[in-house]
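No lab work stands behind these numbers, since they all come straight from the coordinates. From a predicted model like this one, the values you see are computed outputs, not experimental measurements.
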């Protein structure tokens, strides 16, 4: 359910959470959005997020892969607060930058996890989970500090903040950029430019990602049928919803649920 490895960088699109330790500067895309991370960065991927390296990343990468059945980030959200911060946030970049000392300390914990995986299985799972929880908690703390510093240097303007609020309120029923531009009394072109500058994504990308994020949440955290989820997300029928989901994720809602599973906290 959990692996810790040091290996050549590879692309991902799998039913596991992935944490990658990037010692060197790296260029990559996550869900087709390009990023450039400086050395000593840690990248976080949720199940079936698409990662592709841009250019040749030749250094070996320390990586952790874990399934939600092994460690449920929703169940531990009060202790760790990584869900919606390190994972599953469409507005934030999917990685954090650390100073060399902190990066080395956190990476060192992965070595302890790898050794523990080879020890007595009566105790190793509990110990490995504790190491994983510590890593995610430290990274969550660093992420919050970086967000706070970023907002001081480059604060969101009122229109950007209003857009985030509008999207969270209306994404189920309103999926066109023009609706949000009009609500903010902006032209669609000006609105799109501002959003792209702030988030490195177009409004359409953000809207689609928000719909898919909610779909993944309902598939993983509830026992609702695909038909019920399609209706809740305002799709005309489950077949249209399945096509939409597969286009964005790479597999159907049913396949996603089969691979990722239904969480122990599902209602």
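Reported to the nearest whole Å, the Cα centre-to-centre distance from the range 194-228 to the range 31-88 is 17. Taking 163, 256, 241 as the candidate residues, the one with maximal mean-square fluctuation in a Gaussian network model of the chain, Cα springs under 10 Å, is 163. Per residue, the convex hull spanned by the Cα atoms of the range 158-260 amounts to 101 cubic angstrom.
Computed log10 I(q)/I(0) for the range 127-207 at 0.12, 0.15, 0.16, 0.22 Å⁻¹: -0.48, -0.65, -0.70, -0.97, from the Debye equation with unit scatterers placed on every C-alpha and solvent omitted. Beta-bridge orientation, the range 1-150: approximately 95 percent antiparallel, per DSSP, counting only bridges with both partners inside. In a fully extended conformation the segment linking residue 75 and residue 100 would gain 5.9 nm over its present Cα-Cα distance, using 0.36 nm per residue.
Where the alpha-carbon atoms of the range 53-176 are placed on the principal axes, they occupy 54, 31, 29 Å, in descending order.
For helix 158-170, report the angle its Cα long axis makes with the longest principal axis of the Cα atoms of the chain; keep it between 0 and 90° and round to the nearest 10°. Compared with the principal axis, the helix lies near 90 degrees.
The stretch between residue 149 and residue 190 holds 12.1 nm of extra length on full extension. This uses 0.36 nm per residue minus the Cα-Cα distance.
Rg ratio for the range 223-267: its Cα radius of gyration over 2.2 N^0.38 Å, N being its residue count, equals 1.13. Angle of helix 188-199 to the longest C-alpha principal axis of the chain, folded into 0 to 90 degrees and rounded to 10: 10°. The stretch between residue 166 and residue 231, if pulled fully straight at 0.36 nm per residue, gains 21.3 nm over its current Cα-Cα span.
Only alpha carbons enter this Debye calculation for the range 70-123, each as an equal point scatterer, and the log10 of I(q)/I(0) it gives at q = 0.18, 0.19, 0.20, 0.32 Å⁻¹ is -0.89, -0.95, -1.00, -1.06.
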